[in-house]
Amino acid sequence: MTALTLTNVNKSFGDVHVLKDINIEVEDGEFVVFVGPSGCGKSTLLRVIAGLEDATSGEVRIGNELVNTTPPSKRGIAMVFQSYALYPHLNVRKNMSLALKQEKQSKAVIEERVMKASRMLNLEDYLERYPSELSGGQRQRVAIGRAIVREPKLFLFDEPLSNLDAALRMNTRLEIANLHDTLAASMIYVTHDQTEAMTLADKIVVLRDGRVEQIGSPMELYNNPVNQFVAGFLGSPAMNFMPAAFIAEGDTRTLGVRPEDLRLDADGDLSAAVQHVEQLGGDTNVIAQMKGTQITARLFGQHAISQGETVKFGFSSERAFYFNQDGLRT
Amino acid sequence: MNKARTNPFNNIAMHGALILYTLIALFPVFVILINSFKTRKAIFREPLALPDADTFSMIGYQTVLKQGDFFLYFQNSLIVTVASLFFVLLFGAMAAFALAEYRFKGNTLMGLYLALGIMIPIRIGTVAILEMMVASGLVNTLWALILVYTAQGLPLAVFILCEFMRQVSDDLKNAARVDGLSEYAIFFQLVLPLVRPAMATVAVFNMIPIWNDLWFPLILAPAEEVKTLTLGSQVFIGQFVTDWNAVLSALSMAILPVLVLYVIFSRQLIRGLTSGAVK
């Protein structure tokens, strides 16, 4: 069964066409990540799914039910916001139980679900506290707990980790992954961070300027991007792009090579002047200039390369991507 | 951490300025209070002296209480003030919520129109208001005063509350919508508690002028049974003779309820400030 189906969804604010012909299917229990640069419409798309914005045209179906005109609370969804959006005047317990009270659930059910969620998120000791007395990570967990207690068909996460610091972000990311395994619920997760997308997703939807660029599993997108945008957006450091004429005279296409596919090679085709070396211990990132184009190589292990040196890089031809002038893969 | 930032001289200067202002502001109140406990002669001989065994007298309070209707005036003032504040806050907050939250045609224009009332004093329309009240038979009722004061307070209330409601995060309201709260529930259960400090500010701003007003009670409700305290106290001020003991006593007593209301609202103010500080 599909948890969510979007068919030709469009959204305009006045003259501004924000979402253009979006078609997405989310299977039951799937973790789908919408990823794209800021302003690409991913949050708007999430809000259309949540019912906080109306689609200008197209169909939104949740669990095979057309929900275009259904209010958010009746759609069987729960949403976690970037700013946590906890009710500041209610304590953790009341924050989590408010939605259930609105649904007129019995006290026993409310108590049971709140306890279950707080056990899952290690929030039992904080139930009587107010949001202002919690740390950022705890607040985010409360926000997630508020979503869990509703036992929704579909979870929506709107950049839930962007307000957390790096260490906490990693932990919370793992927690969300665990949560997905435990609940086996369908989840949609919006982020601009490709690492989050790659690590969490069963399926990634790459968006740009309100259009879906590509849909697929993380490795599918990584190994087989349909265009230059997707190739450049996924992977860190980002893929190197250079005129293909650098290695083959007269070729008008763009050549793309991932940093980790470049290796030091005395007979290599690419000769570049080293601009900067990042020693990470396990890896060494070499940033070099080649005829005005910056290329980054990620070398395994430690290498003694100094600034200003000229090095030669090689790569195997099956790891090279070619894009035509419209950015499409050829 | 605080130590590094506070310069002791600044601190003294700041407190000095505040204390000086407090003294200046409280001086008239103080003079009224001490003189209300003195004999008529003592008031005129040494207006600034404290009452002692010779000059102490409760004659003013006795006159006021004997006047009989004083408690009725008191009650009228209280009803008018509290009811007006209630309507100002309720309608002001609702209008502000609509202006801040919903996008509709003429939103900005509507906001400007409502704010216009801040700049135009309502007393300019006194004659028209009186005609209206006569036509609707509301002259000499407390409703006449309540309606006028509500109208008078609304522009500023809408203006202030609108600004505060814009600051309530959209995510919060959206979270409430996802949680199934109706727009009314969002307004009453979420937004109102969050703008409580602003509500208290509006209440304090409106309360004092309403309580002290003489103009509209004199024009719209001069009848004995609907007289307010300020108007009621005027009976002691004559063209030739003024019973200063009674006037000062009446004024002293009139301070009390405002003081109580102010304490209630200002506690809200302080609580609001501290809860907002840790976000």
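The values are calculated or read from the model by the stated rules, or taken from the named source; none is laboratory data. Small disclaimer: the values here were computed from a predicted structure and weren't measured. Neighbour counts run over all protein chains shown; Cβ positions are idealised from the backbone, glycine included. For the accessible areas, the whole protein counts, side chains as well, though only heavy atoms, and no ligand, DNA or RNA atoms are used. Shrake-Rupley method; radii C 1.70, N 1.55, O 1.52, S 1.80 Å.
Positive end of the dipole of the stretch B:3-57, charges at C-beta (+1 Lys, Arg; -1 Asp, Glu), about the Cα centre: which of B:Phe37, B:Leu23, B:Phe56 has its Cα farthest in that direction? Projecting each Cα onto the dipole axis, the largest value belongs to B:Leu23. With all protein chains in place and ligands, DNA and RNA left out, the 1.4 Å accessible area ranks A:Arg298, A:Arg146, A:Arg139 as A:Arg298, A:Arg139, A:Arg146, largest first.
Report summary: the helix-based calculation at 222 nm, which adds -39500 (n - 2.57) for every DSSP H run with n ≥ 4 and divides by the residues of the protein assembly as shown, gives -15000 deg cm²/dmol.
In this assembly, the A-B interface accounts for approximately 1600 Å² of buried accessible surface in total, computed with a 1.4 Å probe and without ligands, DNA or RNA. Ligands, DNA and RNA left out, the accessible area of the stretch B:68-270 computed with a 1.4 Å probe is 72% carbon and sulfur. Rounded to the nearest 5, the antiparallel percentage of DSSP beta bridges internal to chain A is 75%. On full extension, the segment bounded by B:Ser182 and B:Met94 gains 30.2 nm, given 0.36 nm per residue less the C-alpha separation.
Across the alpha-carbon set of chain B, the Rg to Rh ratio works out to 1.06, Rh being the Kirkwood radius. Dipole magnitude for the stretch A:242-323: computed about the Cα centre from +1 point charges on Lys and Arg Cβ and -1 point charges on Asp and Glu Cβ, it is near 140 debye. Taking the Cα centre of the stretch A:16-139 as origin and assigning +1 to Lys and Arg Cβ atoms and -1 to Asp and Glu Cβ atoms, the resulting dipole is close to 460 debye. Projecting the Cα positions of B:Ile122, A:Leu168, A:Leu46 onto the charge dipole of the protein assembly as shown (unit charges on Cβ atoms of Lys, Arg, Asp and Glu, taken about the Cα centre) puts B:Ile122 furthest along the positive direction. Separation of the stretch B:27-64 from the stretch A:291-330 is 95 Å, based on Cα centroids. Rounded to the nearest 10 degrees, the inclination of helix B:196-212 to the longest alpha-carbon principal axis of chain B is 30 degrees. Based on every Cα atom in the stretch B:3-57, Rg and the maximum pairwise Cα distance Dmax equal 17.8, 56 Å. Compared with the rule-of-thumb size 2.2 N^0.38 Å for a compact globular protein, the protein assembly as shown has a Cα radius of gyration ratio of 1.40. Accessible surface ranking for A:Lys153, B:Lys66, 1.4 angstrom probe, highest first: B:Lys66, A:Lys153.
Across the stretch A:189-294, the volume of the C-alpha convex hull divided among the residues equals 136 Å³ per residue. Averaging over all projection directions, the Cα-based convex hull of the stretch A:87-201 occupies 7.1 nm² in the image plane.
Database remark: amide H of B:Lys38 closer than 5 angstrom to the amide H of B:Ser57 (H placed geometrically; neighbours at sequence offset of 5 or more, or on other chains; Pro and chain starts carry no H). Sorting A:Val18, B:Val64 by solvent-accessible area of protein heavy atoms yields A:Val18, B:Val64, largest first, with a 1.4 Å probe. For the stretch A:2-231, the residue among A:Asn122, A:Val109, A:Val212 whose Cα projects farthest onto the positive side of the dipole built from Cβ charges is A:Val109.
Considering only protein heavy atoms and a probe of 1.4 Å, how much of the accessible area of chain A is carbon and sulfur, as a whole percent? Answer for chain A is 47 percent, counting heavy atoms of protein chains only. Using R0 = 30 Å, the C-beta based FRET efficiency linking B:Ala49 and B:Glu225 works out to 0.15.
Taking each of A:Lys11/A:Lys203; A:Lys20/A:Lys94; A:Lys94/B:Lys173 in turn, the alpha-carbon distance tops 28 angstrom for A:Lys20/A:Lys94. Alpha-carbon geometry of the stretch B:51-158: the Rg and the Dmax are 20.3, 72 Å, given in that order. Could you identify which residue out of A:Met239, A:Met79, A:Met219 has the top mean-square fluctuation in a GNM of chain A using Cα springs shorter than 10 Å? Answer for the Gaussian network model of chain A: A:Met219. With all protein chains present, how much of the accessible area of the stretch B:3-57 (probe radius 1.4 Å) comes from carbon and sulfur, to the nearest whole percent? Roughly 73 percent of what the probe reaches on the stretch B:3-57 is carbon or sulfur. In a simple Cβ point-charge model (Lys, Arg +1; Asp, Glu -1; nothing else charged), the protein assembly as shown has a dipole of about 1840 debye relative to its Cα centre.
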